[in-house]
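For reference, the structure is listed below as structure tokens.
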Amino acid sequence: MRFDVGGPGYGVGGETRGLLAAARRSFADRGRVRGQLEECARRLDEPLRIALAGQLKAGKSTLLNALVGQDIAPTDATECTRLVTWYRHGAAPRVTAYSPEGSHADVVVRRGRSAEGLPGAHGLTFDLAALRWNAGGAREVDHLAVEWPSAELAQTTIIDTPGISSLSRDVSARTSRLLTPGGTGVALPGADAVVYLLRRLDTADVDFLEQIGAGTGAGGPLGVIGVVSRADEIGAGRIDALHSARDVASRFAGELERTGLCQSVIPVAGLLAFAAATLRQREYAAFEALAAAPVDEVSAALLSADRFARPDLPLPVPPDLRAHLAARFGLFGIRLAVTLIRLGVRDSASLAAELTARSGLDELRTVLDVQFAQRAEELKAHSALTALARILVANPGTEADALLPRVKTLLSDVHGFAELRLLGHLRTDELPLTPTDLAELHRLIGGIGVAPHRRLGLPPHTDIHTQREQALTAVHKWRTRARHPLADQSMVNACLTASRSAEGLLEILHEPPTTPFARIPPPHN
């Protein structure tokens, strides 16, 4: 079993399975409770569940399409955007509607086409008007399940949620029930981690993030990453728009990091990211033609999307195709693509890679991998333990009562999430350390991966003895730094977190630290 977070959190997945098995034995004659426990156990073997949340029209569906690299999430203001929609890997495309009572029906999927015949300008739509339920005569749709052949979905289930600021309280409540079940009777949290999309940072965003944090049961937010979505719009589509968005993201990150509500905030131009992932040769040829046109004429045309599509402009691209480009790439994407071709990009594959890198999607993928994917076992175990604690409290009076203290102990050991919070802090505010020490700290707490050799900065096949020596040196170094008389509380917490991560490495390398480097309590963040 791999080292997920360091410290006593190691092996939490295996221990969680044992606790669930013991609880199932205690509730063998109570079918409903046993079913809840079996659901918890199944979740440990399923892909990690990541929910996309945010206010209305924050760009959740567009970002989902970009992450998957396929046009599978409707982005128009259709009825399906009012429903929680689960995207899972499947052998063939299929969309199913489920009622609150459990009835289900297949959903007809329609793909829009642009005026000049290119698919994808209007994306998919899910036709819910003529559902034929399998049983029960259901009239209401509770949620949709989309199965789609995708390598990304084989590793992660993505949940697209309605906007929390919907004009309909019932619609917004669907997202709240999924992510902040509270006292609703839902035993298992719907998602293991959350990507929260921000266009601005207002009271509604902060309140909802606080609700997510309050529901973790571990004294802080559990797997929450912020995304400044539609980042290209912050700079009004200018070529330097993402630089402005990065400043905004840094400000948001600072405000959220102080409250512990979010571990990282990253600017992403979702529309550009998706368009780059699905760039077609005809679109590249249109950008080439625009790059060869007079600069002044192209710049004047790009003052607005409507102007860019006007048929009377003397541009070497038909008006319908120009309108398609504006819908797919936005003005920022068009300006950027034309500029890159003028600077020397010579084929569609190279242009797609350049646009993806500049959209912020690569950075988001890296953060998702380090903070979510490589910690999937612990995130899923935390969801299962939270649910198990609720079940045990709600059903007292059995032998399973003896399990509750251990469940609470595991939930209170939040070192993995101390690492996540510190990683977010390091993204926005550097500690008073040398660049070398900052790099070591970032690496030690899992900033480039959670495997022991990555945390220690060693080659993959380094022998165990060398790894142990390096880890013990790290324990000594960072505990000594934590005791420095001039270190402020932020610095102390960071050093203690690094030291405890190194102690966790010694545990899995089969050499626990000895005096004077005995175990220390988790740092208070």
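For segment 393-441, filtered to residues that are closer than 22 Å to residue 246 by Cα and among the basic types (Lys, Arg), the residue that is modelled with the highest pLDDT is 421.
Considering segment 1-30, the residues that are of a type in the set (Val, Ile, Thr) and within 16 Å of residue 389 (Cα to Cα) include one that is modelled with the highest pLDDT, namely 16.
Of all residues in segment 339-352 being touching a residue at least 60 places away in the same chain (Cβ under 8 Å) and part of a helix (DSSP H, G or I), which is surrounded by the fewest Cβ atoms within 10 Å (Cβ to Cβ)? My answer is 339.
Every residue, every condition in (1) part of a helix (DSSP H, G or I); (2) out of contact with any Phe, Trp or Tyr (no Cβ under 6 Å at 6 or more places or on another chain), yes or no:
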site: 253; (1), (2): yes, yes
site: 279; (1), (2): no, yes
site: 285; (1), (2): yes, yes
site: 312; (1), (2): no, yes
site: 324; (1), (2): yes, yes
site: 333; (1), (2): yes, yes
site: 337; (1), (2): yes, no
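For segment 219-251, taking the residues that are of a type in the set (Ser, Thr, Tyr) and not in a loop (DSSP other than H, G, I, E, B), the one that is modelled with the highest pLDDT is identified as 250. Selection of first residues in segment 121-136 that are over 25 Å from residue 279 (Cβ atoms) and assigned to a loop (DSSP other than H, G, I, E, B) and of second residues that are at pLDDT below 75 and basic (Lys, Arg), restricted to Cβ pairs under 9 Å at least 6 apart or on distinct chains, gives the following pairs, ordered by first then second residue: 133/139.
Per this entry, residue 329 is not counted among residues that are under 30 Å from residue 206 (Cβ atoms) and under 24 Å from the mean Cα position of the chain (by Cα).
Evaluate the following for residue 501: is it of a type outside the set (A, V, I, L, M, F, W, C), out of contact with any Pro (no Cβ under 9 Å at 6 or more places or on another chain) and farther than 19 Å from residue 375 by Cα? Taking the combined requirement at face value, the residue does not satisfy it.
If you filter segment 97-110 down to residues that are in contact with an Asp or Glu (Cβ under 8 Å, 6 or more places away or on another chain) and surrounded by fewer than 17 Cβ atoms within 10 Å (Cβ to Cβ), you find that the one that is modelled with the highest pLDDT is 108.
The values are calculated or read from the model by the stated rules, or taken from the named source; none is laboratory data. In this text the structure is predicted, and so the values were computed from the model without any measurement. Note: ideal-geometry Cβ built from the backbone for every residue, glycine included; neighbour counts use all protein chains shown.
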